[in-house]
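The values are calculated or read from the model by the stated rules, or taken from the named source; none is laboratory data. Computed from a predicted structure; not experimentally measured. When we count neighbours, we look across all protein chains shown, and the Cβ atoms used for this are built from the backbone with ideal geometry, even at glycine.
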Amino acid sequence: MPSLLRLLVTWVVNCAGLAVAAAAIAPISYGDRLGTLLLASAILGLVNFAVRPLVILLTLPVLILTLGLGLVAVNALMLWLTSRIVSGFHVGGFWSTVGGAIVIWLVNLVLRPWARRGATERRRRQAGA
């Protein structure tokens, strides 16, 4: 998948994840403004790209000891950081942030393979044409 298309898919999936998290967990909100949702999902993508690898590297011993379950805390931290950057996007307290991170992870788990499958099918059709 070309880089720009991958970036767009990540943004759309993040938008869906944040919208589902806001609908499922009351303290998480974006003020029912589409612009705030779009900005928050873009910032979440940037935070995941720039900050998350460093945090994972610094917490690697803990992540190994917890058999990867510590990644939930890392993802919650990225969601919290996004809420600090984007005004109008709120995640509430600790447990709502953890719950939001889990919901966003589940949405990513469902939508990413679907988006990848669509790109693979398009590539096959282009190769056959």
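Things to note:
- Test: residue in the range 57-68 that is loosely packed, with under 15 Cβ neighbours inside 10 Å and under 16 Å from the mean Cα position of the chain (by Cα): no
- Residues located in the range 6-28, provided they are farther than 12 Å from G92 by Cβ, in contact (Cβ under 8 Å) with a residue 40 or more places away in the chain and over 13 Å from the mean Cα position of the chain (by Cα): A24
- Count of the range 9-40 residues which are under 21 Å from A73 (Cβ atoms) and assigned to a helix (DSSP H, G or I): 8
Okay, residues lined up against (1) surrounded by fewer than 17 Cβ atoms within 10 Å (Cβ to Cβ); (2) over 14 Å from V103 (Cβ atoms):
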| residue | (1), (2) |
| --- | --- |
| A21 | no, no |
| A24 | yes, no |
| T36 | no, yes |
| L39 | no, yes |
| V51 | yes, yes |
| G70 | no, yes |
| N75 | no, no |
| M78 | no, no |
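- Residues (small (G, A, S) and either in contact with a Gly (Cβ under 8 Å, 6 or more places away or on another chain) or free of Cβ contacts under 8 Å to residues at least 12 places away in the same chain (or both)) located in the range 29-39: G31, G35
- Of the residues G68, G128, the single one that is on the phi > 0 side of the Ramachandran plot and modelled with pLDDT under 95 is G68.
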